[in-house]
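The values are calculated or read from the model by the stated rules, or taken from the named source; none is laboratory data. Bear in mind the structure is a predicted one, so any value in this text is a computation, not a measurement. Heads up, the Cβs are rebuilt from the backbone with ideal geometry, glycines too, and the neighbour counts pull from every protein chain shown.
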Amino acid sequence: MNELGTLQLPPQASTIAGDVDSLYYFIFWGCMAFFVLIVALCAFFVMKYRRRSEDEIGSGPSHNTPLEVTWTVVPLVLVMVVFFWGFRSYMEMHTAPAGALEYYVTGKQWLWQVNHPTGAVEVNNMYVPVDEPVKVILQSEDVIHSFYVPAFRVKMDAYPNQYTTLWFEATRTGDYDLFCAEYCGEQHSQMKGKVHVLSRKDYDAWVASTSGPKEGEDLTVWGEKMYTKNACVTCHSLDGSKRTGPTFKGIWGTDVTLSDGTTVVVDENYVRSSILDPHGRSSPATRRSCRPSPGS
């Protein structure tokens with residue numbers, strides 16, 4: 001709703017948005033026109049053919065061929081128009097142009113992990129250049145999610161153990177909402193992010209800024225930024241409180257007990273292997289170092 005309380009679609013910010021809205025309004029106003037026509041005819045016939053006395057017995061034709069042909073052919077034509085219009089838009093929306101920038105996006109409870117073509121990894125933030133086609137390759141790490149950007153008029157489900165794709169070409173710079181449109185658990189409503197559409201100059205500057213800490217920047221400060229930016233805070237606390245994963249408080253250099261009963265020292269190798277292979281699928285040694293017990 002806008003400030004006047006009337007229904008208003010999000011701004012059109014992609015090449016396909018205009019066609020999607022045109023089809024939507026064609027269906028909407030077509031339904032409104034038929035609704036008004038049918039209600040008006042019903043009211044007219046109720047008044048015209050109402051019973052005027054208790055002993056009046058009405059009679060009427062059994063059928064009207066021109067009328068029956070009309071109410072069959074007209075809806076058929078309209079439905080076929082909607083079908084071919086929608087099919088054309090569907091094919092355009094699901095056929096990415098050659099040379100499109102490829103982004104790998106993973107849905108998780110409850111965040112979006114975005115792997116950019118430059119190698120940068122962001123959580124709940126996607127940076128794309130304006131006026132360039134972008135192909136999004138989707139997957140889910142747990143349950144079904146749905147990648148939805150209203151301003152671009154694109155939406156696609158993300159499934160576990162399966163890839164799906166969509167593409168868009170943003171036409172306006174700015175920040176646009178990214179939602180999960182499939183109920184995926186208790187924090188579903190919090191699974192949202194932003195698609196940042198930048199000019200080519202600003203996009204190149206962003207790419208340069210994601211290569212690592214700036215020269216002279218304190219690594220502790222940079223690490224704290226990454227802790228928040230990459231949503232480590234959602235699973236790991238700094239104050240010793242229990243969350244999905246083990247707390248970071250005082251863990252460095254200590255021995256932790258793993259789920260198989262063995263212990264391991266929390267050092268650089270432990271942290272690196274835990275980040276790269278959190279489920280420990282690469283080797284037995286890695287599995288031992290990546291699966292701390294719930295109480296560790």
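Quick notes on this structure:
- In the set (1) surrounded by fewer than 19 Cβ atoms within 10 Å (Cβ to Cβ); (2) more than 25 Å from I144 (Cα to Cα), Q187 fails one condition alone, (2).
- Test: V82 is surrounded by fewer than 17 Cβ atoms within 10 Å (Cβ to Cβ), of a type in the set (A, V, I, L, M), closer than 23 Å to A17 by Cα and in contact with a helix residue (DSSP H, G or I) (Cβ under 8 Å, 6 or more places away or on another chain): yes
- Figure legend. Inter-residue proximity from the stretch 104-123: first residues over 13 Å from V143 (Cα atoms), second residues of a type in the set (D, E) and buried (at least 18 other Cβ atoms within 10 Å of the Cβ), beta-carbon distance below 6 Å, spacing 6+ or different chains. Indicated pairs: V114/E122.
- The residue list R51, R88 contains one member that is part of a helix (DSSP H, G or I) and of a type in the set (K, R), which is R88.
- Scanning the stretch 260-296 for residues that are under 19 Å from H236 (Cα atoms), modelled with pLDDT under 75 and outside any helix (DSSP H, G or I) gives D277, P278, H279, G280, R291, P292, S293, P294, G295, S296.
- Residue within the stretch 33-47 that is in contact with a helix residue (DSSP H, G or I) (Cβ under 8 Å, 6 or more places away or on another chain), closer than 30 Å to V154 by Cβ and at pLDDT 90 or above present: no
Yes/no matrix, rows are residues, columns are (1) among the hydroxyl-bearing types (S, T, Y); (2) under 25 Å from L9 (Cβ atoms):
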site	(1), (2)
E122	no, no
P129	no, yes
S140	yes, no
M156	no, yes
R172	no, yes
Y176	yes, yes
A181	no, yes
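- Filtered residues of the stretch 216-239 (kept if modelled with pLDDT of 70 or more and not in a loop (DSSP other than H, G, I, E, B)): T220, V221, W222, G223, E224, K225, M226, Y227, T228, C232, V233, T234
- Qualifying residue in the stretch 9-22 (condition: assigned to a loop (DSSP other than H, G, I, E, B), under 23 Å from L78 (Cβ atoms) and modelled with pLDDT under 95): yes
- Just one residue in the set V128, V114 is closer than 21 Å to E182 by Cβ, among the β-branched types (V, I, T) and not in a helix (DSSP H, G or I); that residue is V114.
- All positions within the stretch 145-164 that are over 18 Å from A96 (Cα atoms) and either in a strand (DSSP E or B) or under 11 Å from the mean Cα position of the chain (by Cα) (or both): H145, S146, P150, P160
- For D142: the one exception among (1) over 23 Å from S89 (Cβ atoms); (2) in contact (Cβ under 8 Å) with a residue 60 or more places away in the chain; (3) in a loop (DSSP other than H, G, I, E, B): (2)
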